[in-house]
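The values are calculated or read from the model by the stated rules, or taken from the named source; none is laboratory data. Bear in mind the structure is a predicted one, so any value in this text is a computation, not a measurement. Cβ placement follows ideal geometry from the backbone for every residue including glycine, while neighbour counts extend to all protein chains displayed. Surface areas here come from the heavy atoms of the whole protein model, side chains and all, with no ligands, DNA or RNA. Shrake-Rupley method; radii C 1.70, N 1.55, O 1.52, S 1.80 Å.
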Amino acid sequence: QHFDYTGIPRNSAAQGSYSKTIDAADAKPGDLFFYGNGGGISHVAMYIGNGQVIHASNPSNGIRISNSNYRTPIKVGRIIND
């Protein structure tokens, strides 16, 4: 809100709809990688550069840094524009 980004949805599927689709090759830090199965988005990770994302893995593993293709992304999206 401080940076005037209000109204961003809370869950991953809604964030997928809210974000502008971009090519994974054009991803910049801050872009979002969306994952799921059966075509539906169920997980989101933030791109941090160098082919890596940061995401909440699960309660036992916590926050992790992974390769952006650790699962096949359904969509790559951008909310913050230059």
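Taking residues in the stretch 57-82 that are in contact (Cβ under 8 Å) with a residue 60 or more places away in the chain, and partners anywhere that are in a loop (DSSP other than H, G, I, E, B) and open to solvent by 80 Å² or more (accessible area, probe 1.4 Å), the pairs with Cβ atoms closer than 8 Å and at least 6 places apart or on different chains are Ile79/Tyr5; Ile80/Tyr5. Filtered by the rule that a residue be among the β-branched types (Val, Ile, Thr), in a strand (DSSP E or B) and under 12 Å from Gln15 (Cα atoms), the stretch 32-82 gives Ile41, Val44, Val76.
Kindly check whether there is at least one residue in the stretch 1-17 that is of a type outside the set (Gly, Ala, Ser) and part of a strand (DSSP E or B).
Taking every residue of the stretch 1-17 in turn, none turns out to be of a type outside the set (Gly, Ala, Ser) and part of a strand (DSSP E or B).
Report yes if some residue within the stretch 38-56 is surrounded by 12 or more Cβ atoms within 10 Å (Cβ to Cβ) and in contact (Cβ under 8 Å) with a residue 40 or more places away in the chain; otherwise report no. No; the residues of the stretch 38-56 include none that is surrounded by 12 or more Cβ atoms within 10 Å (Cβ to Cβ) and in contact (Cβ under 8 Å) with a residue 40 or more places away in the chain.
Tallying residues that are over 26 Å from Asp4 (Cα atoms), open to solvent by less than 80 Å² (accessible area, probe 1.4 Å) and among the small types (Gly, Ala, Ser) within the stretch 57-82 yields 4. Residue count for the stretch 26-37, restricted to those that are open to solvent by 90 Å² or more (accessible area, probe 1.4 Å) and more than 16 Å from Asn81 (Cα to Cα): 1.
Gly16 meets the stated requirement of being under 18 Å from Tyr70 (Cβ atoms), surrounded by 10 or more Cβ atoms within 10 Å (Cβ to Cβ), under 11 Å from the mean Cα position of the chain (by Cα) and of a type outside the set (Ser, Thr, Tyr).
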